[in-house]
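Below: one structure, written as structure tokens.
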Amino acid sequence: TNGHNVHLSLCPNPSHLEAVNPVIEGIVRAKQNHLGDAARARVVPILMHGDAAFTGQGIVFETLWLSELEGYRTGGTIHIIVNNQIGFTTSPASYRFTPYPSDVAKIIQAPVFHVNGDDPEAAVQAARLAIGFRQQFKRDVIIDLVCYRRHGHNELDDPTFTQPVMYRKIAGHPTVLTQYRERLITGGVLSAADADSRTADCREILDAAQGYARDFMPRQPVFAFGGLWKGLGWAGEDWSARTAGPAEILTEIAASFTRVPAGFTPHPKVARLMEARAAMVRAEAPGGGQIDWGCAEALAIGSLVLEGIPVRLSGQDSGRGTFSHRHAVLHDIETGTEHVPLDRVRDGQAHFLVLDSMLSENAVLGFEFGMSLADPHRLVVWEAQFGDFANGAQVIIDQFIACSESKWQRSSGIVLLLPHGYEGQGPEHSSARLERYLQLCADDNMQVVNLTTPAQYFHALRRQMKRSFRKPLIVMSPKSLLRHKGAVSTLADLTDGTFQTVIDDPARSGAPEAGPRLDPARVTRVILCSGKVYYALLHERRERELDHVALVRLEQLHPFPYRELKELLAGYPNLRQLCWVQEEPQNMGGWSFVEPRLRRLAPAPEGMMPTYIGRDA
């Protein structure tokens, strides 16, 4: 109303009640970051809710809670509850025990304006109060718009079956338009003719728009790559990227591992770990050149921030890492002061933010996904404490991450780290449910990897930001491999290599850790596997001194590397048996996804079928 332009983003929402709430908050936070809006005054999130959903959907509570946490604050959200006093066919007495649906917001002591939906001017005043409070205090505010639904659900359902008394009252209740018209005429603000003219003009505009839409069926323009997305586009055939990191840069990053502020006293065990990690990068140091998983991750993040690419990593206990492998945040044992080495490698670098999130999966992953939608130039990583914790965020994965490009032409480069592996500790927290993600895979919608070397992880993270497109990346991240003596990489693997979708048997090239050199002509069986089971197979082959078995690692399951795998298998001219080995039970893991794809690739003899080896279903 003051003559300035306002940019409105209307965000796509699947028909999963309230699921979009944290996604909106993540988008807003990213926009505020981009605009340098430290006061959080220029971008305002507005969320519209149903009354039954606001009470019943736990993600509402989680999103309200996020609003008060520093790593997720957006300066206050305006919540509008469209309080129809019904949930599909369920009456309020069945879905809440409190007087108002807004009572759940008492956890953050947000002010609530209860307003009669029959009074348009009161609704406008409530909106003015809400935005005024939000801009002044940067806190959430609620408008409880007490109203009713004149017709059934979607205006098609018959509500008289279940709420006959209520809908008998509604049928005899004058509409908002009728009431307001009479009020204005009675008050002398408008004449009856003027009111009728305005109503007719509005109806004419709406009818004309509907007629145009029906006649011409205009195709909605897609603005997928405007704004911050300019210069990026859809993925083509080439998914590779130059991901090698210069040795001098990696050495500089390693030096920051052990550099702490003056007077800072790190934990002695952590100090030794950081010293050892720095030594991994120095080939001449004792144990040098043996880069482990945590070191490779730190080098990947450090190299990105030095190239001006900010990195955001969040999750439950992500600062230290569930398995005490990361230690991205150092704590002074005397004062509790925190120090993040990768955020202090050199002046002028991009920001590295690592957050220990609240104990939420649904809202936190939704928030991070929203960040990735709005800022493609920031690496956004969400880490589950254990891979199966992602079960709690399945709606975000199913309804947003796997399909937003197909449904709404919105790309995302979000990374999910899901600790996975059967380490003999029982049924809980062993499986990240690799099979579920593979069932969601089609049309190159996302990447699913199960990696075996730190170098592969290094290149996978950097690859996310080094291409001209963005795709979600699902990582079956390791547990025991974090400290496995065989799961190490050299500095050259990081400085000269690139990501490999398939890794051939290293014994072919005479790598000492793989056992005796393998003659491809003697190989009659190829065992194809993915993830940590490779190291068990390698150990067993060495123990048995087998020279007719080759071990091939499928590092990327989707998009499935048909061409690379076909070329690799062609290098074994006397192949007679192709086996898939996995640690997961037969109805889980990669088998059901891989098997039909292997049949398309099965080499001679004619009709040879791939064989499953592993646990029973």
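The values are calculated or read from the model by the stated rules, or taken from the named source; none is laboratory data. Being a predicted model, the structure only gives us computed values, none of them experimental. A quick note on method: Cβ atoms are made from the backbone with ideal geometry, for glycine too, and the neighbour counts reach across all protein chains shown. Keep in mind that these areas ignore ligands, DNA and RNA; they rest on the heavy atoms of the full protein, side chains included. Shrake-Rupley method; radii C 1.70, N 1.55, O 1.52, S 1.80 Å.
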What single numbered condition from (1) part of a loop (DSSP other than H, G, I, E, B); (2) at negative phi; (3) under 37 Å from the mean Cα position of the chain (by Cα) fails to hold for L546? (3)
Is it fair to say V395 is aliphatic (A, V, I, L, M), closer than 22 Å to L440 by Cβ and open to solvent by 40 Å² or more (accessible area, probe 1.4 Å)? yes
Can you pull out every residue in region 466-481 that is hydrophobic (A, V, I, L, M, F, W, C), touching a residue at least 60 places away in the same chain (Cβ under 8 Å) and crowded, with 21+ Cβ neighbours inside 10 Å? L473, V475, M476, L481
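Scan region 53-68 and give yes if some residue there is free of Cβ contacts under 8 Å to residues at least 24 places away in the same chain and out of contact with any helix residue (DSSP H, G or I) (no Cβ under 8 Å at 6 or more places or on another chain), otherwise no. Steps first, answer last, please.
Restricting attention to region 53-68, the residues satisfying the condition of being free of Cβ contacts under 8 Å to residues at least 24 places away in the same chain are none.
Looking for residues that are free of Cβ contacts under 8 Å to residues at least 24 places away in the same chain and out of contact with any helix residue (DSSP H, G or I) (no Cβ under 8 Å at 6 or more places or on another chain), one finds none in region 53-68, hence no.
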Scan of region 178-204 for residues that are of a type in the set (S, T, Y), farther than 23 Å from R150 by Cα and open to solvent by 60 Å² or more (accessible area, probe 1.4 Å), ordered by number: T186, S191
Run L206 past the list (1) part of a helix (DSSP H, G or I); (2) closer than 29 Å to G302 by Cα; (3) at pLDDT 95 or above; (4) not aromatic (F, W, Y) and report the number of the one that doesn't hold. (2)
Breaking point among (1) open to solvent by 60 Å² or more (accessible area, probe 1.4 Å); (2) in contact with a strand residue (DSSP E or B) (Cβ under 9 Å, 6 or more places away or on another chain), for V6: (2)
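Name the one entry in R96, R40, R73 that is more than 18 Å from V141 (Cβ to Cβ) and open to solvent by 10 Å² or more (accessible area, probe 1.4 Å).
The unique qualifying residue is R96.
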Return the residues of region 414-464 that are within 13 Å of I397 (Cβ to Cβ), open to solvent by 10 Å² or more (accessible area, probe 1.4 Å), assigned to a loop (DSSP other than H, G, I, E, B) and touching a residue at least 60 places away in the same chain (Cβ under 8 Å); say none if nothing qualifies. R433, C441
(1) open to solvent by 50 Å² or more (accessible area, probe 1.4 Å); (2) among the hydroxyl-bearing types (S, T, Y); (3) within 27 Å of A244 (Cβ to Cβ): which one isn't true of S406, the others all being true? (3)
Is it true that L330 is open to solvent by less than 30 Å² (accessible area, probe 1.4 Å), touching a residue at least 40 places away in the same chain (Cβ under 8 Å), touching a His at 6+ places or on another chain (Cβ under 8 Å) and not polar (S, T, N, Q)? yes
